[in-house]
1. Want the number for residue 114 to residue 156: 0.36 nm per residue separation, take away the alpha-carbon distance, what's left?
2. Taking a quarter of the surface of the Cα convex hull of region 60-244, what do you get in nm²?
3. Mean separation of Cα pairs under 8 Å and 6+ residues apart, divided by the residue count of region 60-244: what relative contact order is that in percent?
4. What nm distance separates the two modelled labels at residue 73 and residue 197, each placed 7 Å from Cα along Cα→Cβ?
5. Report the per residue volume, in Å³, of the convex hull enclosing the C-alpha atoms of region 124-174.
6. Could you list 97, 205 so that the one with the fewest beta carbons within 10 Å of its beta carbon is first and the one with the most is last?
7. First measure r as the distance between the Cβ atoms of residue 89 and residue 136, then evaluate 1/(1 + (r/R0)^6) with R0 = 22 Å and state the FRET efficiency to the nearest 0.05.
8. What distance in nm lies between label points placed 7 Å from Cα along the C-beta direction at residue 129 and residue 97?
Amino acid sequence: MGPGASQLTDLKTPRWALALILAFCLLRPLEATFAQSAQARSTPRLTTNAQTHLTSGAGARLTLRVYNYASLDPASLAASKKVAGAILQNVGIEPIWVDCPTSWAKSQEYAACDSEMGTTDLVLRILPRRMAEKLRRSYDSLGSAQTCPETEPACELTVFYHRVDELAVNGYRADLILGHVIAHEVAHVLLGPRHSDDGILRAEWSSSDLQRISLGMHLGFSTDQSHQLRLAVLRRTVPPVDRAWAARANLLTH
């Protein structure tokens, strides 16, 4: 091969290199665009169904399946439900009460309790002393609540009725106290175990609090607690496919 051929090869080399550089430069913008598009697709967005649930004024319904192991009379239990219901309604939660059997012999009398339970169904157990003493608990506690994920159905809350009854001996209204205890434990299921410095979520109610309760005045939740309680119920309400996005609900409410 002569000198001319050698020079031609030398001239071709930078052209190929230039072609490669140009191709690389053309591909880079495409790569950035695809990455941007993938990033946009990965950003969680609430579906229309979830947005409706989380921003509308309706739909925050919570079903409480009541197991009255303490054998409270119907009138007293109804009064307690009314108090708990009023406290929950005040934060935008509509409670639905379903009485359930405490023995197999009575199971046919409570057909409504046979329906399948979802994430907005809570199980409320009202226990007498003999049953409460079998549980690991604080001696002076009025109740307890199960910590469970929002995707789990049938979370449990428990009231130790003998403790409520002991307070009634001191002249306070047991039925009204029970209603507050139920609302308190519902809040723990929805928000977790933390207490607050005042209001219904205090770790221990004062004699002044108990006096107010017995006079028919409600202890309430703070504005922030009310907001978080309602959102917690709504997150449980949205369909499973939307539930992953519903955790970002706070971004829609500010």
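1. Gain in length upon complete extension: 13.4 nm.
2. Computed as one quarter of the Cα hull surface, the answer is 10.7 nm².
3. Relative contact order for region 60-244 comes out at 26 percent.
4. 4.3
5. Numbers: hull volume 4.4 nm³, N = 51.
Convex hull volume per residue, Cα atoms: 85 Å³.
6. Arranged by neighbour count, lowest to highest, 97, 205 become 97, 205.
7. 0.10
8. According to this spin-label approximation, the distance is 2.6 nm.
Laboratory data are not the source of any read-out in this text; all were calculated from the coordinates shown. On a predicted model such as this, the values are computed, not experimentally measured, just so you know. Positions of Cβ are backbone-derived with ideal geometry, glycine not excepted, and every protein chain shown enters the neighbour counts.
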